[in-house]
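In what follows, a structure is listed as structure tokens, so that the remarks can point back to it.
All of the numbers you see were taken from the coordinates with simple rules; none came from a lab. For clarity, every value in this text was computed on a predicted model and none was experimentally measured. Methodologically, a virtual Cβ is constructed for each residue, glycine included, from the backbone with ideal geometry; neighbour enumeration extends over all protein chains shown.
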């Protein structure tokens, strides 16, 4: 039974994966994102690349299902309609890039994602206005969706481009949380389907991924308690700061 849920990992590695996922779920519950980024950066220390990617698939699916529908079905559907261009581009390009998940060096995609995300968030923290003009929003949604999908298929991370869009367009707290849940949920389904085809998601790895869903959901609901008590300004600052930290950690992992 242990081998079925541990993916063949040692007891120590499996316990570490559970602890990391609990923490990542808490952070996601508090600010709405960062779980895949935390999992990828932490799992890279002690898991093979394919197991790290497979491990985050079902926790991502389960937590985003909760987050997307937390305010009800109607608001979730309306959010999906609002961000339909970003969603479509993300889903299509997850499918395009997923077959190359094991061909692209891990350091390369970590570096290419970490540097621009850290720079963007740091500029926002410094008070620089990076708002996307309304006339350019359609192009920005398509472009950022393509970037998110390309990264998502090979790494399981497609959140930062969406956060760039939401922060730069001045979305409020509830809109940001719900939009992340909806986009991440649909992307998680696309990621699962894509990697069922590539073989990264298989019987052994999905058993491991299902086991990680338990601490992910426990952490998520603990994080909701914090999220409900954050005002708009503090929520935005936490989001920007976490993006900087996460991006810099990706750069660190790429260079070690």
Kindly express, to the nearest 10 degrees and within the range 0 to 90, the angle between helix 173-198's C-alpha long axis and the longest C-alpha principal axis of the chain. 40 degrees
Highest-fluctuation residue, 179, 13, 34 considered, GNM on the chain with Cα pairs under 10 Å: 13
With everything on Cα atoms, drop me the angle between helix 57-68 and the longest principal axis of the chain, reported from 0 to 90° to the nearest 10. 30 degrees
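Rounded to the nearest 500, what is the 222 nm mean residue ellipticity of the chain from helices alone, with -39500 (n - 2.57) per DSSP H run of 4+ residues and division by all residues? Please list the in-between numbers first.
On the way: 13 runs with 205 residues, N = 256.
One gets -26500 deg cm²/dmol as the mean residue ellipticity at 222 nm.
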Order these peptides, 120-127, 211-218, by their mean beta-carbon neighbour count within 10 angstrom, highest first. 211-218, 120-127
On a 0 to 90 degree scale, rounded to 10, what angle separates helix 159-168 from the longest Cα axis of the chain? 10 degrees
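What ranking of 31, 164 emerges when the number of other C-beta atoms within 10 Å of each C-beta is taken as an exposure proxy, fewest first? Spell out each step's value before the answer.
On the way: 31 25, 164 22.
Listing 31, 164 from fewest to most nearby Cβ atoms yields 164, 31.
For segment 2-255, what's the relative contact order in percent, using C-alpha pairs closer than 8 Å and at least 6 residues apart?
Details: 408 pairs, mean separation 105.8, N = 254.
42 percent.
For a footprinting-style exposure proxy, rank 251, 138 by other Cβ within 10 Å, fewest first. Don't skip to the end; give the middle numbers.
Numbers: 251 17, 138 10.
Final ranking by Cβ density, sparse to dense: 138, 251.
Got a sec? How would 117, 186 order by Cβ neighbour count within 10 Å, fewest to most? Don't jump to the answer; show the numbers that get you there.
Values: 117 24, 186 19.
If I rank by nearby Cβ atoms, fewest first, I get 186, 117.
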